[in-house]
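Novice: Please find one structure pasted underneath; my questions will follow.
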Amino acid sequence: MKAMVIEKYGEHVPLLLKERPMPVVGDYDVLVNIRAASLNPIDSKIKAGKLKFLLHYEMPLILGNDFSGVVVEVGDKVEQFKPGDEVYGRPRKSRIGTLAEYIAVHQDDISLKPTNLSFEEAASIPLVGLTAYQALHDIFNLQKEQKILIHAGSGGVGTFAIQLAKSMGAYVATTVSDQGYGLVKLLGADQIINYRKDPFEQLLEGYDAVLDTLGGDVLKKSFQILKPGGKIVSVSGLPNAQFGKEAGLGWLKTMLLSIVSRKLTALEKKTQVSYRFLFMKPSGAQLREVRELLEKRRIIPVIDQVFAFAEAPQALAYLDRGRAKGKVVVSIK
C-alpha cells in the first residue's frame, strides 16, 4: 500500500510517499480502506520529535492521527463492524498512521461515520471532536449558562469546541484575528476578542473554564480570568505531575514533569484554579455521541482546505503556518 512516511525525526525532514506492507489485522481489529485523513498540530510535533518523551515510534513512521473510510476486513473476534461499513476514528497513539491507503485499528477506537457527512468532512472530526468532548464533558462537566473561554476559536479544536459548548448551553468567549471573526460569529460565539488588539485577561473575569490550545503566556494569563474553583484544560501547555501519574509514566518522568510545570502549579495555588493537560484518548463510544450531534446538525464540520494524497507534504506545511480556519484534510481516494 502507499503511505506518507518519515524516516527520522526533524522539523525539516521530508514527508515521503512510499510503499509499505499491508497492516496485520488482529482478532479485535478492523481493516479500513482510508478515504480521507485530516492533519493536526500533533502530526507536526510527532514529525519534529517533540513528543519523544511521551511517545516512542519505530522508523519509518506513517504519520496521521484521524481518518474516515470503508471497512474491508474484520478480525475473528470483532462484533461491532462488518465489511462495507463506513467508519471514522482516531487510532490509539501506539498505532497511528492514517496518511495511508489502509489501516488496521482496534474496533473500540472507531464508530460508524455520520451518514450526512462526506468522507472528507467525517475525517475532519475525530481528533478535534474527542479533544473538545473530553475537555467539556469529562473534565469541565460544563453546565448551562456557565462561562467558558476557548482560545483560537477559528482553529480545528476551536471551531468544534465553540459549537459543542453552545449545544451544552454555555456562554462562550473566544480569541481570534480579524480573519476569523466572521467564522466564530457564525458558529455561535457570544464574545469575540481580537487577540492582536485587545488583552483578553483585562476584558474577562469570573469564568468557569478555559480551553487552551496555545500554551505559553496565553495559558499563564488565562488563570487570571477564572473564578476560584475554575478549571483550565490545555492541549499545548506543559504536562504536569498529575498527567504523569494518570498516564502511568513512572516516578522518574512524573517527577521531571513536576519540575518543569512548577510555575503552573504555583499559579494553581495562587488563583485556586485547577490545571489539566489533556492528551486525548481514542473512544469509539464518544465518537458515537459526536456522530449524533453531527447528524442532528447541532455541530457542522469546518474545513479550510482539502489536499490530494500526493500533496500531503504541502498540506502539512500549510497547517504549520497557523492560518487555517478549521481543518486541513487529505483525500486518499
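Novice: Which percent of the accessible area of the chain is formed by carbon and sulfur heavy atoms (probe 1.4 angstrom)?
Specialist: Carbon and sulfur together cover 50 percent of it.
Novice: What shape does the chain have by the C-alpha gyration tensor, where a ≥ b ≥ c are the square roots of the eigenvalues, rounded means a/c under 1.5, and otherwise prolate means a/b greater than b/c and oblate the rest?
Specialist: Values: a/c = 1.65, a/b = 1.42, b/c = 1.16.
It is prolate, given that a/c is not under 1.5 and a/b is the larger ratio.
Novice: Still on this model: For region 36-95, which chymotrypsin sites (Phe, Trp or Tyr not before Pro) pass both filters: DSSP loop (anything but H, G, I, E, B) and at most 13 other C-beta atoms within 10 Å? Please report the intermediate quantities before stating the final value.
Specialist: Details: sites: PHE53, TYR57, PHE67, PHE81, TYR88; in loops: PHE53, TYR57, PHE81.
Answer by residue number: PHE53.
Novice: Let me ask something else. Which residue, ILE150, ILE46, ILE62, has the most motion in a Gaussian network model of the chain that connects Cα atoms within less than 10 Å?
Specialist: ILE46
Novice: Compare PRO301, PRO114, PRO228 in a GNM of the chain, Cα atoms joined below 10 Å, and give the one with the largest fluctuation.
Specialist: PRO228
Novice: Still on this structure: Longer than 31 Å from Cα to Cα, which of LYS47/LYS113; LYS227/LYS263; LYS2/LYS166; LYS2/LYS45; LYS281/LYS327 are they? Say none if no pair is. Walk me through the numbers before you get to the answer.
Specialist: Values: LYS47/LYS113 28 Å; LYS227/LYS263 19 Å; LYS2/LYS166 40 Å; LYS2/LYS45 23 Å; LYS281/LYS327 19 Å.
Over 31 Å Cα-Cα: LYS2/LYS166.
Novice: Another one. Longest exposed-loop-site-free stretch of the chain, with GluC sites (Glu not before Pro), DSSP loop and at most 15 other Cβ within 10 Å?
Specialist: Values: sites that count: GLU7, GLU11, GLU58, GLU79, GLU145, GLU205.
Formally, the longest exposed-site-free interval is 206-333.
Novice: Could you work out the relative contact order of region 170-223? I mean the mean sequence separation of Cα pairs under 8 Å and 6+ apart, divided by the number of residues, in percent.
Specialist: It rounds to 30 percent for region 170-223.
Novice: Excluding same-chain residues fewer than 8 positions from LYS50, which aspartates and glutamates have a Cα within less than 13 Å of its Cα?
Specialist: In chain and number order, the partners are GLU11.
Novice: If you count only protein heavy atoms with a 1.4 Å probe, what accessible area per residue comes out for the chain, rounded to a whole Å²? Could the numbers behind the result be given before it?
Specialist: On the way: 14950 Å² over 333 residues.
Accessible area per residue: 45 Å².
Novice: Another one. Quick check for me: using +1 on Lys/Arg Cβ and -1 on Asp/Glu Cβ, what's the dipole size of the chain about its Cα centre, in debye to the nearest 20? Walk me through the intermediate numbers first.
Specialist: Details: 44 positive and 36 negative charges, 191 e Å.
The dipole magnitude comes to about 920 debye.
Novice: Rounded to the nearest 5, what % of the DSSP beta bridges within the chain are antiparallel ones? Before the final figure, lay out the partial values.
Specialist: On the way: 31 of 56 bridges.
Close to 55 percent.
Novice: Can you order the peptides 38-45, 317-324 by their average number of other Cβ atoms within 10 Å per residue, highest first?
Specialist: Working: 38-45: 23.5, 317-324: 14.6.
With the highest mean Cβ count within 10 Å placed first, the list reads 38-45, 317-324.
Novice: Evaluate the relative contact order of region 160-284 (contact order divided by residue number), counting alpha-carbon pairs under 8 angstrom at least 6 apart; express in whole percent.
Specialist: Working: 183 pairs, mean separation 24.3, N = 125.
Dividing the mean separation by the residue count of region 160-284 yields 19 percent.
Novice: Among HIS106, HIS12, HIS56, which one shows the biggest mean-square fluctuation in a GNM of the chain, springs joining Cα atoms closer than 10 Å?
Specialist: Most flexible of the set in this elastic network: HIS12.
Novice: Which one of LEU226, VAL32, LEU186 is farthest out on the positive end of the charge dipole of the chain, using unit charges on Cβ (Lys, Arg +1; Asp, Glu -1) and the Cα centre as origin?
Specialist: LEU226
Novice: Can you tell me, using C-alpha contacts under 8 Å and at least 6 residues apart, the relative contact order of the chain as a whole percent? List each step's numbers first, then the result.
Specialist: Numbers: 754 pairs, mean separation 64.1, N = 333.
Worked out over the chain, it gives 19 percent.
Novice: Could you size up the charge dipole of region 38-185 around its Cα centre, putting +1 on the beta carbon of Lys and Arg and -1 on that of Asp and Glu, and report it in debye to the nearest 20?
Specialist: 600 debye
The values are calculated or read from the model by the stated rules, or taken from the named source; none is laboratory data. Note that this is a predicted model, so its numbers are computed, not measured. Methodologically, a virtual Cβ is constructed for each residue, glycine included, from the backbone with ideal geometry; neighbour enumeration extends over all protein chains shown. Please note that ligands, DNA and RNA were not included when accessible areas were found on the heavy atoms of the full protein model with its side chains. Shrake-Rupley method; radii C 1.70, N 1.55, O 1.52, S 1.80 Å.
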